[in-house]
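These notes are about the structure you will find just below.
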Amino acid sequence: MKQIIYILFLLLTFCACNEEVIAPYEGDCGMYFDVQQTSLDTLRVAWGLKDSEIKEQTVNLTVRLFGDVATYDRKFSIDIISDENDSLRSVEGIDYVKFPTEYVIPANEAETKITVKVLRTDALMKQARRFTIRLNETPELQFLYSRTQYIDSVTSRMIDTQRVIYMNEAFPEPGWWYRYGRSIFGTWSATKSKVICDVMGIDREIWVGNLVEPFTVGYIKFVGKYMHRWLQENPTKDEDGEWMQMGPDSQV
């Protein structure tokens, strides 16, 4: 019995000595924007996929900690950049609601959020809008981590110390349109699709869904005929300036 106990003791001692010990991170701390929210540094707000009556929405940007949490709040600030020389520049109070420039990573927390309320304007129908939110480095929260974008063989930049909020009214053509949309709805246009979704109460994101067929052919035919009658009573111009009309299958 004593021999068995001695062997077990040796085995446990051997395992303990060979166990890899990973020391906790100690050193400077940093901050960066969550890399999972966008592929590069631009966060796109697709207003075209929202119903026409929706005029504002909230964008949450997550700022993450690199390093150890602290037992106290750590402050940092941001710059809101909208270059007057940028033809797509956003304007505070018109394209977005004023928001704070001072933030903290709370005690014992590893992240915080910057909440921005963006606004939908008629100008987006003609031109996109954008502005940039840039983190300001502090002695306690440095730029220690960021993905890198290579501009050329000698030039690179950190892309997770800022986020560009880019807004437009883009409304893509559904993947199913070429199969039966043309004969039922006619020539595709973003304006026509928006009118159809608004009149029929169809969620725009479902309408443009390309991964699966969102509607049956029977329902599409019903929508086409309904919209043909609706346009007879409510003449509406398409984005080319011509009167909007459905396809030949909906006009019989």
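A few comments on the model shown:
- Note on the chain: dipole from Cβ charges, positive end direction compared against Val154, Val104, Ser52; the farthest Cα belongs to Ser52.
- When each of Lys50/Lys237; Lys50/Lys126; Lys50/Lys192; Lys50/Lys75 is checked by Cα-Cα distance, pairs over 24 Å: Lys50/Lys75
- Carbon and sulfur %, accessible surface of the chain computed with the full protein complex present, 1.4 Å: 54
- Rounded to the nearest 20 debye, the dipole magnitude of the chain is 760 debye, with +1 charges on Lys and Arg beta carbons, -1 on Asp and Glu beta carbons, and the Cα centre as origin.
- Solvent-accessible surface ranking, highest first, for Arg89, Arg163 at 1.4 angstrom: Arg89, Arg163
- Options [x] 17.8; [y] 25.0; [z] 13.6 - which one matches mean projected area of the Cα convex hull in nm² as calculated here: [y]
- Summary of packing: across the peptides 137-149, 231-243, the per-residue average of other C-beta atoms within 10 Å ranks them, highest first, as 137-149, 231-243.
- Cβ-based charge dipole, segment 55-165, positive-most Cα from Ser77, Gln142, Leu119: Leu119
- Loop-located chymotrypsin sites (Phe, Trp or Tyr not before Pro) in segment 72-114 (DSSP state not H, G, I, E or B) with no more than 13 neighbouring Cβ atoms inside 10 Å: Tyr72.
- Note that segment 78-218 presents 53 Å² accessible area per residue, ligands and nucleic acids not counted, probe 1.4 Å.
- Taking the charge dipole of the chain about its Cα centre, with +1 at Lys and Arg Cβ atoms and -1 at Asp and Glu Cβ atoms, the residue from Tyr178, Val252, Phe222 reaching farthest to the positive side is Val252.
- When shorter helices are ignored and each DSSP H run of at least 4 residues is given -39500 (n - 2.57), the per-residue value for the chain at 222 nm works out to -6500 deg cm²/dmol.
- Spread of Cα-to-Cα distances over 5 Å intervals beginning at zero, given as percent, for segment 121-252: 2, 8, 14, 17, 12, 9, 8, 7, 7, 7, 5, 3, 1, 0, 0
The values are calculated or read from the model by the stated rules, or taken from the named source; none is laboratory data. Please read these numbers as outputs of a predicted model, since none were measured by experiment. Neighbour counts run over all protein chains shown; Cβ positions are idealised from the backbone, glycine included. Note: accessible area is taken over every heavy atom of the protein model, side chains too, but ligands, DNA and RNA are not part of it. Shrake-Rupley method; radii C 1.70, N 1.55, O 1.52, S 1.80 Å.
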